[in-house]
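Novice: A single structure is presented below for examination.
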Amino acid sequence: MTENAVKKITTHTPEEIERVAEWTKTEDYKEKNFAREALVVNPAHACQPLGAQMVASGFAETLPFVHGSQGCASYFRSTFNRHFREPSAATCDAMTEDGAVFGGQNNLFEGLENAYTLYKPKMMAVYTTCMPEVIGDDLTAFIKNAKAAGHVPEDLPIPYANTPSFNGTHIHGFDSMLKGILEYLTKDRKVEDKCTGKLNLIPGFDGNIGNLREYQRILDLFEIPFVMMPDISEVFDSGCDGNYKLYPGGTPLEEAAESINGKVTMSLQKWTTPHTMRFVKSEYSGVHEVMAMPMGIEKTDALLMKLSELFDKPVPEELKKERARAVDAMTDGHQYIHGKKFAVYGDPDYLLGIVSFLLEMGAHPHHIVCSRSNKKFKKEMEALLETSEYGAGCTVHVNRDLWHLRSLIFTDPVDGIIGDTHGKFVARDTGLPLFRVGFPIIDRINLHRSPVVGYQGVINLMSMICNKFLDIKDETCEDQWFEMMR
Ligand code: SF4
């Protein structure tokens, strides 16, 4: 009976399975793989609303609110749970079939009222999943109606963002939600000639809390007053003191509202924040800057020099010493990474940073895959590759997934892969080490606490990569080459 329970529709001999598996490693298969149009296999990105949820989580006493399906909301929460190994507070109005037919207004009314009564947030940030976007729910009207009908107080801030996943990824959702919140909070708060004297720092979509703490440390060393928007550092990395806090940390709402009168507003992720920065440029006082993520020596130098210039402060001695240590570490370790080829994938801003670091180390970012971007990004990446002799022969593939990457690696091998946990299947298939950088990292611990930006990030990246290559050497070399010293 048990044997009959699963009836195989088609059976294949082990030889046939082996033959096809080998064929998937060939040029012939690669050609067919790159010709596919209607199917995506293991893309290196997440849904738009997940990015929106990261933003919503990063504002103080704010409840992230999903207008849409329960299953989507569980996916966003569990991804954050698994990556940060922390609770991720967010609620959902659980639209089902009737919502899909009649619209989700009633779900939103009930959801907002229940969530406000139970969790007493100071702000609720609403973002959508695909279903309400497909049927065209009008959030402006729905939220206005909810307030008018008394489901939530009139003065409760409820910014929102449309985040359809069929048209974008987590970085686009991040951008929409951040713009939505800043638009809402800063309305009528601009005061001519007023200046907070602060830097408004927009780190972008970054699951690495170590990076955020590194930015904070650098700014403290400079003695530059700042507000980070959003700030998820305490939200997803607060200590365990025996008490559960529903709203730990986050950017204070009043500081976010005042950010419109800031001295400088700076984004560190150009490709993640275009709409937010367009809004900032049109509405915010002060200087507006978009800098590259400071990965590698050159990009970190550029950020520190810019901060020094904008705030008229010298680069702190401590940071100069750190730079010297990072350069020393690069010199010590270059022999283990120089000339190695890598396949890298991930978000555009992270990719530009990783490639910059690899080129500085004399390594080749041989295959570069971005599963959602455009020709402009490709051009920018190619221009970066052209700045170094180690970029020669490296190729950029936009709107390709990790199944494409598998074909690239089998037909044109590399020494290692750099990206998030999604790449572990490619790494296993190809027998290569995977250096985990990006989001999500759900199969290793504490990497989200280890910065990859700044001079310390250079040392951390180098240590991770070089030590793994040394491990491989120790594990695979013949006895006569097994040495104490490497
Ligand atoms: S693609 Fe759309 S429906 Fe699917 S999980 Fe993401 S938001 Fe939900």
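Novice: Of all the helices (runs of 4 or more DSSP H) wholly in the range 1-79, which have at least 2 residues that are within 11 Å of the ligand (Cβ to nearest atom) and under 30 Å from residue 234 (Cα atoms)?
Specialist: Once the helices (runs of 4 or more DSSP H) in the range 1-79 are filtered for at least 2 residues that are within 11 Å of the ligand (Cβ to nearest atom) and under 30 Å from residue 234 (Cα atoms), what remains is 48-57.
Novice: Within the range 21-68, count every residue that is of a type outside the set (Phe, Trp, Tyr) and over 23 Å from the mean Cα position of the chain (by Cα).
Specialist: 16
Novice: What number of residues within the range 232-247 are surrounded by 18 or more Cβ atoms within 10 Å (Cβ to Cβ) and either of a type outside the set (Asp, Glu) or at positive phi (or both)?
Specialist: Number of matching residues: 5.
Novice: Sort through 80, 84, 76, 59 and tell me the only one that's touching a Gly at 6+ places or on another chain (Cβ under 7 Å) and assigned by TED's automatic domain parsing to the domain that holds residue 167.
Specialist: Result of the check over 80, 84, 76, 59: 59.
Novice: Here are the criteria: (1) surrounded by 21 or more Cβ atoms within 10 Å (Cβ to Cβ); (2) part of a strand (DSSP E or B). Tell me which single one residue 358 does not satisfy.
Specialist: Condition not satisfied by residue 358: (2).
Novice: Look at residue 471 and say whether it is modelled with pLDDT of 95 or more, more than 30 Å from residue 320 (Cβ to Cβ) and in a helix (DSSP H, G or I).
Specialist: So residue 471 passes the test.
Novice: Looking only at the range 80-104, filter to residues that are assigned to a helix (DSSP H, G or I) and touching a residue at least 40 places away in the same chain (Cβ under 8 Å); which one of those is surrounded by the fewest Cβ atoms within 10 Å (Cβ to Cβ)?
Specialist: Filtering the range 80-104 for residues that are assigned to a helix (DSSP H, G or I) and touching a residue at least 40 places away in the same chain (Cβ under 8 Å), the one surrounded by the fewest Cβ atoms within 10 Å (Cβ to Cβ) comes out as 82.
Novice: Name, by its number, the condition in (1) farther than 16 Å from residue 59 by Cα; (2) in a helix (DSSP H, G or I); (3) free of Cβ contacts under 8 Å to residues at least 12 places away in the same chain that does not hold for residue 239.
Specialist: Checking residue 239 against (1) farther than 16 Å from residue 59 by Cα; (2) in a helix (DSSP H, G or I); (3) free of Cβ contacts under 8 Å to residues at least 12 places away in the same chain, the one that fails is (2).
Novice: Which residue pairs have Cβ atoms under 6 Å apart, sit 6 or more places apart or on different chains, and have a first residue in the range 139-164 that is basic (Lys, Arg) and a second that is surrounded by fewer than 19 Cβ atoms within 10 Å (Cβ to Cβ)?
Specialist: Between residues of the range 139-164 that are basic (Lys, Arg) and residues that are surrounded by fewer than 19 Cβ atoms within 10 Å (Cβ to Cβ), the close pairs are 147/154.
The values are calculated or read from the model by the stated rules, or taken from the named source; none is laboratory data. All of these numbers come straight from a predicted model, not from anything done at the bench. Cβ coordinates were reconstructed from backbone atoms using ideal geometry, including for glycine residues, and neighbour counts include every protein chain displayed.
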